[in-house]
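*Asks:* Sharing a structure, written as structure tokens. Questions coming.
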Amino acid sequence: MKIDGGCHCGAITYEAEIDPDQVLICHCTDCQTLSGSAFRTVVLTAPENFKLLTGTPKTYVKTAQSGTKRAQTFCPDCGTPITSGPAGNTPGLLGIRLGTTRQRADLTPKRQTWVGSALGWTQELEEVPELGE
């Protein structure tokens, strides 16, 4: 499936080819902190399937407790997280931040990871009253 998207201010835009079955929610504490939220939703793809169309994202390399280094890219102007992926020449998948894709409503998560770090209330959101739009 072809997707496209970009940051909040429009400085960064991209397109990518993805498998809609590769959408996941990550509950790790690094994703909680880096997203400023309770979890992060990403769609995984091979780095060669991602094409930056405009702008130059800033990169922050995070080192996990395991020692694994992951490059986090974001817009230097508005701060919108765009991707995470292998740092340097390390092989691995690229995680495109779901909220930056125009097709986000069509991309339903198929699995969750690091559920041991999940905040308990995230599993009970249907019980939280709605305030409207």
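The values are calculated or read from the model by the stated rules, or taken from the named source; none is laboratory data. Keep in mind it's a predicted model, so treat the numbers as computed, not measured. Please note: Cβ atoms are built from the backbone with ideal geometry, for glycine as well, and neighbour counts cover all protein chains shown.
*Asks:* Take the residues in region 1-49 that are closer than 20 Å to D77 by Cβ and of a type in the set (A, V, I, L, M, F, W, C); name whichever of them is surrounded by the fewest Cβ atoms within 10 Å (Cβ to Cβ).
*Replies:* Filtering first and then ranking leaves C9.
*Asks:* With (1) part of a loop (DSSP other than H, G, I, E, B); (2) closer than 23 Å to G5 by Cα; (3) among the aliphatic types (A, V, I, L, M) as the list, and V42 as the residue in question, which single condition is left unmet?
*Replies:* So V42 meets the others, but not (1).
*Asks:* Continuing with the same structure: Suppose we keep only residues that are at pLDDT below 95 and not in a strand (DSSP E or B) within region 49-68. Which one would you say is nearest to E17 (Cα to Cα)?
*Replies:* So, considering only residues that are at pLDDT below 95 and not in a strand (DSSP E or B), the one nearest to E17 (Cα to Cα) is T68.
*Asks:* F74: over 12 Å from the mean Cα position of the chain (by Cα), among the hydrophobic types (A, V, I, L, M, F, W, C) and at pLDDT 95 or above, yes or no?
*Replies:* Criteria not met by F74.
*Asks:* Which pairs have Cβ atoms under 6 Å, sit 6 or more apart or on different chains, and link a residue in region 1-21 that is under 16 Å from L94 (Cβ atoms) to one that is aromatic (F, W, Y) and modelled with pLDDT of 95 or more?
*Replies:* A16/F50
*Asks:* Looking at this structure, is A71 touching a helix residue (DSSP H, G or I) at 6+ places or on another chain (Cβ under 7 Å), surrounded by 13 or more Cβ atoms within 10 Å (Cβ to Cβ) and in a strand (DSSP E or B)?
*Replies:* Criteria not met by A71.
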